[in-house]
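These notes are about the structure you will find just below.
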Amino acid sequence: MAAISFENVRKSFGAVEVLKDVSLDIADGEFLTLLGPSGCGKSTLLRIVAGLERNDAGSITIGDRRVDALPARDRDIAMVFQSYALYPHMTVAENIGLPLTMRRMNAWQRLPGLGALLPGTRAARKSVAKDVAEAAEALDIGPLLQRKPSQLSGGQKQRVALGRAMVRHPAAFLLDEPLSNLDAKLRVQMRAELTELQRRLGATMIYVTHDQSEAMTMSDRVAVMLAGKLQQVAPPRQLYDDPETLAVAEFVGSPKINVLSVAGGFHAVRPEAMEVVADDAPGAIAGRIRLVEHLGSESLVHVEVPDVPLPLIARLEAMSARDPKRGEAVGLRPLPGRVLKFDATGSRIRD
Amino acid sequence: MIDANPAENPGERRAAYALVSPAWVAFVVLLAGPSLAVVVLSLTDWQLGAPTMNFIGLGNYEQLFADRVFWKSFTNTFVYCLVVVPGSVFLGLGLALLIEGATFGRAFYRAAYFLPVTSTLIAMAVVWEFLLHPSVGLINVVLEQVGIRGGDWLKNPSRALFTLAGIGIWQSAGLNMILFMAGLKAIPPDLYEAAEIDGAASVWERFRCVTWPMLGPATLFVTVVSGIRSFQVFDTVEVLTKGGPNKATEVLLYTMYTEAFNFFRTGYGAAITVVFLVVVLALTLLQVKAGEKRTHYG
Amino acid sequence: MNRRGTLLGHILRHAVLIFGLVIMLAPFVWMISTSLKPPNEIFSTKLSLLPNNWAAAENYTKAFTKVPLLRYLLNGVIVTGGIFLLQLIVSLPCAYALAKLRFKGRDILFTMVLIGLMIPAQAPAIPRYVMLYEVGLLDSYAALIVPFVFSAFGIFLMRQFFKTVPDDLMHAARLDGLGEFEILCRIMLPLAMPAMLAFGVISIVTHWNDFFWPLIVIQTGDLATPPLGTLFFRNEEAGSDFGPLMAGTVVITAPLVLLFLAAQRRFIEGVTLSGMKG
């Protein structure tokens, strides 16, 4: 396992600048999530670590090696792809074993037929088979080893892809939206399993996703990336409570944070920091309820306020004494100390 | 991935050059070089094995265009195409429509009509020679049964070229049929339903409103491909008529073959090749245009 | 298309198709029929499909002894097999690089391949002949095989196929430690089997049936390919001993026809892809 660091990494495709001066240090054994909307450059950054793309400028270090010039296979990195990228013509065992075969057997030993006659081939094959079986055991896919990928479910393919990454104990794991092809229920389950696995292996993982619930639940730290720029790198809790920029505040959190234009900048208030009060209460923003969403454990109250383009949203505990009705005139009031202030450029103003 | 940054990875580039180099060498030595050499040779008076080679400019072409045999050969090739192309295209289209519309036996018909395409043409030419035999050949024997005197198919100068064209149609109709079938498959079935709802009730009307317009680009493509193929007619001529009788079936490739490889007039043969190449390339450019059109329909 | 065809329509359709079939297949049927008949029946003007006196044994024996038919077939296998094998060795790496790797000159090279697709096989014949003459390779297997090692069609077809393989598969393989050549051999080739079969069908049919080139470069009977052998046989017989001649053509035609009947789908795929372009 190893630490990874980026220093002033830049990348353009033609005239399009995809990565604008990205610097980031990831600790050994850390689970770091790159979070951002599609097209923000997070996948490109991942591919640059892997060696599948070259950075135009800056440097990347894995452990104590600078790897910019190394081809993918010499970087000791494993990657799990969104499409799983399993080799369709190979069995599960062959898929998982391939990276080991490539490293433990020389070109002659790998030859079909002839290779079997060479000294050392048998021993190497045995050691590969043993490690494959071990990885399969850890991922609970032992009985599937002789199947082809086309005979597997999405979740099983996912595990095989993980197995192929795990089996050679790489310096770091790169995961590119690995859960987005799974159905919702399986996704939640795999989320927990992946975190569990990462803790057990003590592995450095870089995880790319556009799904903030994945980012918030799994990561040690989350790096929010917007339009090729790292906006903020922080633990999930801090990212939510204490965003550096208005963009991060708006991107993280669902429902979206309430933003109010004020002189010289913006005030932003999380829905759960909004109190529903009488429309004439002191300090309240008066409006009319447009929609109430009952989500069981909580309710979301959408309030239309004159001169504010989007309705403001307040989150009410289900147990709350209030039972707001559509069309009702109410006031919204931020809880004391829960207003986040930003200047006109979107930078945070701290008191 | 956006592919705007070629050659950005030195390792990848090295691997790529290693992988393409055998093909590149083979291309230069076996195809590009010889194809350009033909043009150069056509400007010389060289004969294979001769010690000297002189550039004579367009001399070969002047001689060629003054030669009655060349013009005969050129005209014959076009006449052959003008018979074979419409014949095999319409036959192919008709077969494709008839077979695709059938409720059973489609695979059987398709295979059977396709058989002449895969069979070795030279062997089948020998069979045709026997079928066309003036006295014991199947064709004349059958014609006799219905009271027609068949006569000689290959030795009659006014008929020989058309006989060869008939064999050409027999051989290539199945190919055009297959190409048309691919075109038919690409027509979305809901178009027929839409046409029916819009009042195109009869089979003919549906053909006129949907099939034919949708098949138009495919037809252009098939026609040009047939043109290119029939312009290359050679095998049946060499086996059945040797260009005769009295140059009645002399075609371009056959003239090129005799000049270059029987008389070893290399430069002159090269000039004929260039004429041949120019016509085929012109037809191919037409095909490229047809192909572009075809992609509009996915 | 014709979902509401009447009964009469069906009958008419099949009547036309069967009538056409009789004409299309008549040469094959008559070839086989004649190969079974003795001379007196061949030269009789009475039509009959099956002989009264079977002469199949005589005709076929004569066909195999008069000319080395098996030798021709073997030559056909050696030449078409040799050409296809070398075409694969040359085309596959190039097609992979054109489809999946980024390098300077890629577009130029691909344009060359497209131009190569347009050049008819007979165009470079004279210089190729001169080259073989100069190096003393006329009248040899090499003369039959080497000129066709570069296949623009093969490169084009395989490139189109490789383009459809997801990039991620290639990326995963690079991370797993495979070099480009190994990605080609271990990952791409197994996936490309269907496209290779279509290419194989076209290549084999084209070169098995090719007559123009063997006619030019081959003098020795022992090196004749099946079409050229057929011609030797015909000339030997002076076009009169039809029984053995037809037996010979049956033998020469059979391999490809059988191959076609066995692999119809691949044939039709390949042919549709290429417009029967060599």
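In percent, what relative contact order does chain A have, based on Cα pairs under 8 Å that are 6 or more apart in sequence?
17 percent
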Item to complete: State the answer as a single residue: which of B:Phe162, C:Phe233, B:Leu281 lies farthest towards the positive end of the charge dipole of the protein assembly as shown, with beta carbon charges of +1 for Lys and Arg and -1 for Asp and Glu, about the Cα centre.
Response: C:Phe233
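Counting only protein heavy atoms and a 1.4 Å probe, tell me what percentage of segment C:68-119's accessible area is made up of carbon and sulfur.
Values: 1560 of 1960 Å².
Carbon-and-sulfur percentage of accessible area, whole number: 80.
Could you report the buried accessible area between A and C, both sides summed, computed with a 1.4 Å probe and given in Å² to the nearest 100? Write out the running numbers ahead of the final one.
On the way: alone 17080 and 16420 Å², together 31670 Å².
Buried area between the two chains comes out at roughly 1800 Å².
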Practice prompt. Identify all aspartates and glutamates with a Cα-Cα distance to B:Lys242 below 14 Å; exclude those on the same chain that are fewer than 8 residues away in sequence.
Written response: B:Glu129, B:Glu250, B:Glu259
Worksheet item: Per 10 Å bin, what is the whole-percent P(r) computed from every C-alpha pair distance within chain A?
Response: 5, 21, 25, 21, 15, 8, 4, 1, 0
Fill in: Hits among aspartates and glutamates - C-alpha to C-alpha of B:Lys185 under 16 Å, sequence gap 8 or more where chains match
B:Glu100, B:Glu193, C:Glu269
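Per residue, how big is the convex hull around the C-alpha atoms of segment B:61-295? Give it to me in cubic angstrom, could you? Could the numbers behind the result be given before it?
Numbers: hull volume 36.2 nm³, N = 235.
So the per-residue Cα hull volume is 154 Å³.
In terms of solvent-accessible area of protein heavy atoms at a 1.4 angstrom probe, what is the ranking of A:Asp21, B:Asp198, highest value first?
B:Asp198, A:Asp21
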Worksheet item: When N counts the residues of segment A:71-167, how does its alpha-carbon radius of gyration compare numerically with 2.2 N^0.38 Å, as a ratio?
Response: 1.08
Worksheet item: So how much accessible area does C:Trp54 have, in Å² to the nearest 10, using a 1.4 Å probe?
Response: 150 Å²
Response to the item:
Reported to the nearest 10 Å², B:Lys155 has, with a 1.4 Å probe, an accessible area equal to 150 Å²
Worksheet item: Any idea what the relative contact order of segment B:219-269 is, in percent, if you count C-alpha pairs under 8 Å spaced at least 6 apart?
Response: 22 percent
Worksheet item: For chain A, which whole percent of the accessible surface, found with a 1.4 angstrom probe, sits on carbon and sulfur atoms?
Response: 52 percent
Item to complete: Please work out how many pairs of lysine residues in segment A:4-241 are eight or more positions apart (or on different chains) and have Cα atoms closer than 28 angstrom.
Response: 15
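Magnitude of the Cβ-charge dipole of the protein assembly as shown, K/R +1 and D/E -1, about the Cα centre, nearest 20 debye? It would help to have the intermediate numbers written out before the result.
Working: 84 positive and 78 negative charges, 289 e Å.
That gives the protein assembly as shown a dipole magnitude of about 1380 debye.
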Worksheet item: Which residues of segment C:176-200 show a drop of at least 30 Å² in accessible area when all protein chains are present, compared with their chain alone (probe radius 1.4 Å, heavy atoms only, ligands and nucleic acids excluded)?
Response: C:Asp176, C:Gly177, C:Leu178, C:Glu180, C:Glu182, C:Arg186, C:Ile187, C:Leu191
Discussion item. What's the whole-number percent of alpha carbon pairs in segment B:52-127 lying beyond 19 angstrom?
Written reply: 65 percent
Practice prompt. State in Å² the accessible area per residue of segment B:61-295; use a 1.4 Å probe, count heavy atoms of protein chains only, and round to the nearest integer.
Written response: 40 Å²
Fill in: Net dipole in debye of chain B [+1 Lys, Arg Cβ; -1 Asp, Glu Cβ; about Cα centre; nearest 20]
380 debye
Worksheet entry | Positive-end residue, segment A:4-241 charge dipole about Cα centroid, Cβ charges, pick of A:Phe13, A:Leu117, A:Ala133 | A:Leu117
Worksheet item: Can you tell me the accessible area per residue over chain A, all protein chains present, probe 1.4 angstrom, in square angstrom?
Response: 45 Å²
Worksheet, complete the sentence: On complex formation of B with C, accessible surface lost, both sides summed, probe 1.4 Å, nearest 100 Å², amounts to 8800 Å²
Practice prompt. Could you tell me which of A:Leu291, A:Asn106, A:Val305 has its Cα farthest along the dipole of chain A towards the positive end, charges placed at Cβ (Lys, Arg +1; Asp, Glu -1), taken about the Cα centre?
Written response: A:Asn106
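What is the Rg over Rh value, at two decimals, for segment A:150-189, using alpha-carbon atoms and the Kirkwood definition of Rh?
On the way: Rg = 11.1 Å, Rh = 11.1 Å.
Result: Rg/Rh = 1.00.
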Response to the item:
Given unit charges at Cβ for Lys, Arg (+) and Asp, Glu (-), the dipole magnitude of segment B:1-155 about its Cα centre in debye, nearest 20, is 280 debye
Worksheet entry | segment A:260-299: C-alpha pair distances exceeding 12 Å, % | 73 percent
Fill in: Solvent exposure of chain C as accessible area per residue, Å², 1.4 Å probe
40 Å²
Response to the item:
For the protein assembly as shown, the Cα convex hull volume per residue in Å³ comes to 255 Å³
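Out of the total accessible area of chain B (probe 1.4 Å, heavy atoms of protein only), what percent is carbon and sulfur?
Numbers: 8450 of 12820 Å².
Carbon-and-sulfur percentage of accessible area, whole number: 66.
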Discussion item. Solvent-accessible area of A:Tyr84, probe 1.4 Å, all protein chains present, reported in Å² to the nearest ten, please.
Written reply: 20 Å²
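The values are calculated or read from the model by the stated rules, or taken from the named source; none is laboratory data. Everything quoted here is computed from the prediction, not taken from an experiment. Heads up, the Cβs are rebuilt from the backbone with ideal geometry, glycines too, and the neighbour counts pull from every protein chain shown. Please note that ligands, DNA and RNA were not included when accessible areas were found on the heavy atoms of the full protein model with its side chains. Shrake-Rupley method; radii C 1.70, N 1.55, O 1.52, S 1.80 Å.
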